[in-house]
Number of protein chains: 4
Amino acid sequence: MIGKTIDQLAVGDKAEFAKTISESDIYLYAGITGDFNPAHVNEAYAQKTFFKARIAHGMLTAGLISAAMANQLPGPGAIYLRQELDFRAPVFIGDTITARAEVIEIIKDRNRVRLRIWCTNQDGTVVVDGEALVSPPKTLSEAH
Amino acid sequence: MIGKTIDQLAVGDKAEFAKTISESDIYLYAGITGDFNPAHVNEAYAQKTFFKARIAHGMLTAGLISAAMANQLPGPGAIYLRQELDFRAPVFIGDTITARAEVIEIIKDRNRVRLRIWCTNQDGTVVVDGEALVSPPKTLSEAH
Amino acid sequence: MIGKTIDQLAVGDKAEFAKTISESDIYLYAGITGDFNPAHVNEAYAQKTFFKARIAHGMLTAGLISAAMANQLPGPGAIYLRQELDFRAPVFIGDTITARAEVIEIIKDRNRVRLRIWCTNQDGTVVVDGEALVSPPKTLSEAH
Amino acid sequence: MIGKTIDQLAVGDKAEFAKTISESDIYLYAGITGDFNPAHVNEAYAQKTFFKARIAHGMLTAGLISAAMANQLPGPGAIYLRQELDFRAPVFIGDTITARAEVIEIIKDRNRVRLRIWCTNQDGTVVVDGEALVSPPKTLSEAH
C-alpha cells in the first residue's frame with residue numbers, strides 16, 4: 001500500500017478513473033459541502049437557466065481526478081500540495097466523466113511532481129482542465 | 001434566488017461557511033469520488049503515517065469554499081471559472097473548518113470577480129489557501 | 001426484539017423482503033465497498049457490454065436476503081455462519097427484487113438451521129440462488 | 001478498462017483492498033439492504049448481546065472482496081458466478097478490514113477462475129473466509 005516514489009515516475013505516465021455522474025452523487029456532495037446552489041439541486045430553477053437542467057458541482061467533477069491520482073499516480077503516500085482547476089463546460093446528471101492525470105514535470109531535488117489533470121465527458125468535451133503538484137511518497141513512515 | 005451582480009459587489013466583501021468534518025463526510029466523499037486513498041479510509045495505515053490518523057481529502061475541505069460562494073458571494077447564478085488551491089495542513093476527523101471568500105478584484109468589462117479563498121481549522125491554522133475566479137449573475141435568464 | 005429459537009422454526013417456514021433497486025442504491029454500495037467496476041458505475045462503458053446497461057453489484061442484491069432473514073427468519077439474535085450464492089442473471093436499475101428465505105433443514109443438536117435463499121426480479125427470473133446456515137437465538141443474553 | 005483474461009491469470013495471483021469500517025458504512029448498508037437487525041443498528045440492544053457492541057453486517061464485510069476482484073483480479077469485465085462465505089468472527093465499528101483474493105484454480109476450457117477470498121481485521125483474525133468462481137473477460141463486447 002505505497003505509491004510510486006519519484007524514481008519510479010516519468011514524464012508521460014498516465015492514470016485515469018471514470019464514472020457516470022448520478023443525481024445521488026450531486027445530492028450527497030451538496031449534503032457534505034453545504035453547497036446548495038439551485039443550479040445543482042433545484043430543477044425548476046435550473047430549467048430557467050442557460051444550461052436548462054441541474055449541473056454537477058465543478059469541484060465534485062474535479063474530485064474524480066483525486067481518485068486517479070490517489071489510486072494510481074503516484075498512489076498512496078503522496079502529499080497533495082497544489083491544484084489549479086479551470087471549469088470549462090457543464091456536467092449534467094448522467095454524463096460519464098473520465099478524469100485523467102499525466103506527469104508533465106519531475107522536480108527531483110524537491111521531491112515534487114507536476115501533473116496535467118483534466119476531465120472529459122462521453123463526447124470528448126473537456127469539462128475541467130488544470131494542473132496538480134504532488135509530493136510522491138518516500139518511505140511509509142513519511143507517507144500520508 | 002439570484003446572487004449579487006457585479007455592480008452589487010465590492011473589493012473587501014466577505015462570506016464564510018463553517019462545519020465540523022465528520023468521519024461520515026470523508027466516507028461519503030470517498031464513495032462519490034472513488035478516492036479510497038488509505039490516508040482517508042484506513043486507520044491502521046494512517047496511524048503509521050506522519051499524520052498518525054486518517055485525514056480528510058483536500059478537495060473535500062475545498063468544497064466548503066463553494067458553499068460560501070454559492071450561498072452568499074456572489075450567490076446563485078454565478079459561474080465558476082477557475083480555482084487555485086494550496087493544501088497547507090491536514091484536516092482530521094472532528095476538526096471544525098471555516099471556509100472564507102473575500103473579493104480581491106472586480107473586472108467589470110469582462111464581468112469577472114477574483115476572490116481570495118481559504119479555510120482555517122478551530123485553532124486558526126490555514127489548511128487550504130487560494131483564489132477563485134467567478135462570473136457573477138447578470139439576469140436570471142443568463143444565470144446558472 | 002428476539003427472533004425465533006430453533007423450537008419455534010419448522011422446515012417450510014418462509015420469509016421475504018422486496019425492493020426496487022435504484023441508481024442511488026448501486027452508487028452508495030459502490031461507495032461503501034470500493035467496488036467501482038465500470039459495469040456498475042459507468043454507463044458509457046456498460047452500453048458496450050453484453051448487458052447494454054449498468055447492473056447492480058451481485059452482492060448488493062444478495063444483501064436483501066439478509067433483510068429477510070434478519071427481520072423475520074429467524075429474526076434478531078441469529079448468528080450467520082455461512083452463505084452460498086449463485087449469481088444467475090443481471091439486475092438492472094429499476095428492477096424490483098424479491099429476496100426469499102425458506103427453512104430446508106433443522107439441525108437441533110447443533111442449533112443450526114439451513115435455508116434456501118433466492119432472489120427474483122419483477123418477471124419471476126431467479127437472479128440469485130443459494131443457501132444459508134444460521135444459528136437461531138437461544139436467549140437474549142446469548143444472542144447477537 | 002478491461003481486466004485480465006484467463007491467459008493473463010495464474011494460480012497464486014493476489015489482490016487486496018483495505019478499509020476501516022465506519023458507523024456510517026453500517027448505517028448506509030442497512031439503508032440500502034433493509035437489514036436493520038438490532039445487532040447492527042441498536043447499540044442499547046447490542047450491549048446486552050454476546051459481542052457487547054454493534055457489529056457490521058457480514059455481507060458488508062464480504063462486499064470489500066468484490067472491490068479487490070473488480071478493481072484488480074480479474075478486474076473489469078469479469079462475470080461473478082458463485083461466492084461461498086463463512087462468517088468467522090465479528091467486525092466492530094473502527095475495525096480495519098483487509099479483503100484478499102487469490103487465484104487457486106484456472107479452468108481454461110470453461111473460462112472459469114476459482115479464487116480463495118478472505119478478510120482479516122487489524123489483528124490478523126480471519127473474519128470472513130470463502131471461495132469465488134468468476135468468468136474473466138474475453139473481449140470488451142462480451143464483458144460485463
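Give the residue, chosen from D:Lys48, D:Lys19, that is farther than 24 Å from C:Glu131 by Cα, over 13 Å from the mean Cα position of the chain (by Cα) and not hydrophobic (A, V, I, L, M, F, W, C).
Being farther than 24 Å from C:Glu131 by Cα, over 13 Å from the mean Cα position of the chain (by Cα) and not hydrophobic (A, V, I, L, M, F, W, C) holds for just one of D:Lys48, D:Lys19, which is D:Lys48.
I'd like to know if segment D:47-70 contains one or more residues that are at pLDDT below 90, out of contact with any Asp or Glu (no Cβ under 8 Å at 6 or more places or on another chain) and hydrophobic (A, V, I, L, M, F, W, C).
Taking every residue of segment D:47-70 in turn, none turns out to be at pLDDT below 90, out of contact with any Asp or Glu (no Cβ under 8 Å at 6 or more places or on another chain) and hydrophobic (A, V, I, L, M, F, W, C).
Among the listed residues C:Arg88, C:Arg82, C:Arg116, which satisfies the condition of being closer than 16 Å to D:Arg82 by Cα and free of Cβ contacts under 8 Å to residues at least 24 places away in the same chain?
Details: C:Arg88 fails: free of Cβ contacts under 8 Å to residues at least 24 places away in the same chain; C:Arg82 fails: free of Cβ contacts under 8 Å to residues at least 24 places away in the same chain.
Testing whether each residue is closer than 16 Å to D:Arg82 by Cα and free of Cβ contacts under 8 Å to residues at least 24 places away in the same chain leaves just C:Arg116.
Would you kindly identify the helices (runs of 4 or more DSSP H) lying entirely within segment D:1-77 that contain at least 1 residues that are under 25 Å from D:Arg116 (Cβ atoms) and away from chain B (no Cβ under 14 Å)?
Of the helices (runs of 4 or more DSSP H) lying wholly inside segment D:1-77, those with at least 1 residues that are under 25 Å from D:Arg116 (Cβ atoms) and away from chain B (no Cβ under 14 Å) span D:58-71.
Is it the case that segment C:78-89 has a residue that's under 16 Å from D:Gly63 (Cα atoms), among the polar types (S, T, N, Q), in a helix (DSSP H, G or I) and in contact with a helix residue (DSSP H, G or I) (Cβ under 9 Å, 6 or more places away or on another chain)?
Within segment C:78-89 (the criterion being under 16 Å from D:Gly63 (Cα atoms), among the polar types (S, T, N, Q), in a helix (DSSP H, G or I) and in contact with a helix residue (DSSP H, G or I) (Cβ under 9 Å, 6 or more places away or on another chain)), the answer is no, since none of the residues qualifies.
All but one of (1) part of a strand (DSSP E or B); (2) surrounded by fewer than 17 Cβ atoms within 10 Å (Cβ to Cβ) hold for B:Trp118; state the number of the condition that does not hold.
(2)
Is it the case that C:Ser22 is modelled with pLDDT under 95 and among the small types (Gly, Ala, Ser)?
Against the criterion (modelled with pLDDT under 95 and among the small types (Gly, Ala, Ser)), C:Ser22 does not qualify.
If you take the residues in segment D:67-115 that are closer than 14 Å to D:Lys4 by Cα and out of contact with any strand residue (DSSP E or B) (no Cβ under 8 Å at 6 or more places or on another chain), which one is surrounded by the most Cβ atoms within 10 Å (Cβ to Cβ)?
Restricting to residues being closer than 14 Å to D:Lys4 by Cα and out of contact with any strand residue (DSSP E or B) (no Cβ under 8 Å at 6 or more places or on another chain), the top hit is D:Ala70.
Checking A:Lys4 against (1) under 23 Å from C:Asp35 (Cα atoms); (2) surrounded by 24 or more Cβ atoms within 10 Å (Cβ to Cβ); (3) charged (D, E, K, R), which single condition isn't satisfied?
Status for A:Lys4: all satisfied but (2).
Just one of (1) within 14 Å of chain B (Cβ to nearest Cβ); (2) surrounded by fewer than 21 Cβ atoms within 10 Å (Cβ to Cβ); (3) not in a strand (DSSP E or B) trips up A:Gly124, so point out which.
Tallying (1) within 14 Å of chain B (Cβ to nearest Cβ); (2) surrounded by fewer than 21 Cβ atoms within 10 Å (Cβ to Cβ); (3) not in a strand (DSSP E or B), A:Gly124 fails exactly one: (1).
Which residues, taken from segment B:26-52, are surrounded by 22 or more Cβ atoms within 10 Å (Cβ to Cβ) and either basic (Lys, Arg) or touching a residue at least 12 places away in the same chain (Cβ under 8 Å) (or both)?
Within segment B:26-52, B:Ile26, B:Tyr27, B:Tyr29, B:Ala30, B:Thr33, B:Asp35, B:Asn37, B:Ala39, B:His40, B:Val41, B:Asn42 meet the criteria.
The values are calculated or read from the model by the stated rules, or taken from the named source; none is laboratory data. Just so you know, these numbers come straight off a predicted model, no measurement behind them. Note that we place each Cβ from the backbone using ideal geometry, even for glycine, and neighbour counts take in every protein chain shown.
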